[in-house]
Amino acid sequence: MSGRKTTYTSISVDELIRLRRQACQASSLSQCNQALQQLAERSEQLMRQQQSRIDSLNSTINGLNRTIASQDAAASRERQQLRTQLQTTIQNTNQALQQMAARSQQQMQELSQQFRQDLAAHRTDTARAIEESNRRMDQALQSAVSSLESQIGTVSSRMDRMEQDLADSARRVGILFNSNASLLELAREYADVARTIADDTARNFRTELLLPGRLEQVQELLRTADQDIRDADGKFPTNAPVARQSARTAATAAMQLHEDMVRAEQAWQARYQAAVQALNAAEAQIEACRRIRFPGETAEIDVDRWSNGDLSALSTRQAALRGQLNNADGLSVEALDGIRQAGAQLASEVLETSEFAAIAFGASQDRADVAQDVADSMRESLGLMIVDHGFQSGDQRAAHRIHLKNPHTGFEMVVTQYPETGPDGVVGNRLESDILDYGTNNEQEGDRIAYQALSALSGLGLCQQTVQTVPGYENCPSDRRQQTDMAAWRHQEAELPCPVHTQPAGQTAVN
């Protein structure tokens, strides 16, 4: 005889696949009009916000044009010629940058619309839709940068063309640029323009956030140019070519910084949009998963309850990430990417939670079915009657216990089933049986019948592990008499199963 036995039951692989598929379909955003409407409203709000940022960016770009155009005219014809050429070059560049910003904004709007359509159609994997949207956004940004470079070329090539045009124009009006005095005038004009662009960029852009260290590099080049100009204007007049070259280098670096800042701002806005979209989608997914109903079923599953509050925990994480985005101007591109990844992870975990809740709900029903099956089998074989039964703490999510006894022979046993979450995140039931008294029955026969009853649970369509004897109880009845105190059982604090979330390779959980 063996007074204590254990086994483990879980749903079959086919049933698990079916249940997961149904849970995924039931909690799909395409099935939740309210969540989709909320997502659409948030997307429109984001687009208005992004348009405002683009308008501000265009205003900043135009401001540089006005600043340079409003500077006092240079004293010499050399400086006047160079200033005219620089103004034209900068204005053409800024026009191209504004066109790039407009194209990028249009692409962002189209991608946002595509993203909403993906979620509203038959996609059930929100996280995958988020990543796909991000891939398309990266392609759009790269396309915009390539288009800009093919349109206006590099800063250095533009400066070379400008100086060639300047030389051609100067020859027509009789200006020579090869004297030390003329070269010094060019150096001063280059330095002034470099200073104007650097100051404008520092004033209007988040230089240290988006391109850390770059402004300091330009300022250092400008300090070098100023020193070379002072040297050439004083005791080293032959230093004028060096002054002109170092000043041009500073101007080129300042123009490059300005252009890179505009592109960086565009990239930041795209990353910001991606992060907001990811959180919007995660929030919509949470809303869609709050209650799920399978096709043909009348009962709804309260996902937060059956996941032991996990959906609320995910919602809290989503709100915390939203709080970070509410102060996004101080966030780096890397931080925004982190929030987007966290949003995608949240969306994935929400689906896992809804699947878990559906499986946990089914496991609870299995506990009741198994208890009834064991009771029926033991009644037919040994005449055992149900003394009492119920869930721990009176909670259907918790363990279930049934107390059986034959009032005539005295054979008495208790069967308890505890829900457990496996490493794969699937809830199964660990079954423990306690034969407390064999009564007047033959112990070996009673043990055999109980063993058969516990071994036959696969007939309910469950996967079952082999029934094992608890060590130490191979030849004696169970001594856990407290198992029959059902009043205490109904008041015990229950340990409830919780989801086990999977993490993508190389990624850790985001709190």
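The values are calculated or read from the model by the stated rules, or taken from the named source; none is laboratory data. Nothing here was measured: the structure is a model prediction, and the numbers come from that model. For neighbour counting, all protein chains shown are included, and Cβ atoms are generated from backbone atoms with ideal geometry for every residue, glycine included. We work out accessible area using only protein heavy atoms, side chains counted, and drop any ligands, DNA or RNA first. Shrake-Rupley method; radii C 1.70, N 1.55, O 1.52, S 1.80 Å.
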With the contact rule set at Cα under 8 Å and sequence spacing of 6 or more, what percent relative contact order holds for the chain? 23 percent
Determine the dipole magnitude for the chain: charges of +1 sit on the beta-carbon of Lys and Arg, -1 on that of Asp and Glu, nothing else is charged, the reference point is the Cα centre, and the result goes in debye to the nearest 20. 1880 debye
What FRET efficiency, computed as 1/(1 + (r/R0)^6) with R0 = 35 Å and r the Cβ-Cβ distance, is obtained for Q452 and D388, rounded to the nearest 0.05? 0.90
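What FRET efficiency do you get for D231 and R77 if R0 is 30 Å and r is their Cβ-Cβ distance, rounded to the nearest 0.05? Write out the running numbers ahead of the final one.
Details: r = 24 Å, r/R0 = 0.80.
So, using R0 = 30 Å, E works out to roughly 0.80.
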Carbon and sulfur together cover what percent of the accessible area of the chain at a 1.4 Å probe radius? 47 percent
What nm value, rounded to one decimal, do you get for the distance between E208 and A40 when each label is placed 7 Å out toward the C-beta? 4.5 nm
Once you place label points 7 Å from the Cα toward the Cβ at T316 and A328, how far apart are they in nm? 2.5 nm
Pull up all non-local amide H partners of D437: gap of 5 or more, or a different chain, and H-to-H distance under 5 Å with H placed in the peptide plane. E412
Rounded to the nearest 10 Å², what accessible area does Y8 show when all protein chains are kept and the probe is 1.4 Å? 50 Å²
Using θ = phi - 60° and Karplus 6.51 cos²θ - 1.76 cosθ + 1.60, couplings along segment 450-458 (whole Hz; Gly, Pro as x): 4, 4, 5, 5, 6, 7, 9, 6, 5
Calc'd 3J(HN,Hα), segment 408-419, phi into Karplus 6.51 cos²θ - 1.76 cosθ + 1.60 (θ = phi - 60°), Hz, glycine/Pro = x, comes to 9, 8, x, 4, 9, 8, 10, 10, 10, 10, 10, x
Between rounded, prolate and oblate, where does segment 216-325 land on the alpha carbon gyration tensor, with a ≥ b ≥ c its root eigenvalues, rounded for a/c under 1.5, else prolate if a/b exceeds b/c? prolate
Assuming 0.36 nm per residue, please report the length gained on full extension of the stretch Q139 to D337 beyond their Cα-Cα distance. 69.7 nm
Report the one residue of F115, V145, A101 whose Cα lies farthest in the direction of the positive end of the charge dipole of segment 97-150 (charges on C-beta: Lys and Arg +1, Asp and Glu -1; origin at the Cα centre). F115
Specify which residue in the list S332, A375, L404 is farthest towards the positive end of the charge dipole of segment 322-420, using unit charges on the beta carbon of Lys, Arg (+1) and Asp, Glu (-1), about the Cα centre. L404
Checked against the structure, the computed Rg/Rh (Cα atoms, Kirkwood Rh) among (1) 0.99; (2) 1.16; (3) 1.29 is the one labelled (3)
Show the residues, 5+ positions off or on another chain, whose built amide H is closer than 5 Å to the amide H of I11. C463
Tally Lys and Arg at +1 and Asp and Glu at -1 over the other residues with C-beta under 13 Å from the C-beta of S10: what net charge comes out? -3
Long-range amide H partners of M385 with built H, under 5 Å: K405, N406
For the charge dipole of the chain, defined by +1 on Lys and Arg C-beta atoms and -1 on Asp and Glu C-beta atoms about the Cα centroid, which residue among T9, S455, L64 has the Cα displaced farthest towards the positive pole? L64
Using only DSSP helix segments of four residues or longer, with each worth -39500 (n - 2.57), what per-residue ellipticity at 222 nm results for the chain after dividing by its residue count and rounding to 500? -22500 deg cm²/dmol
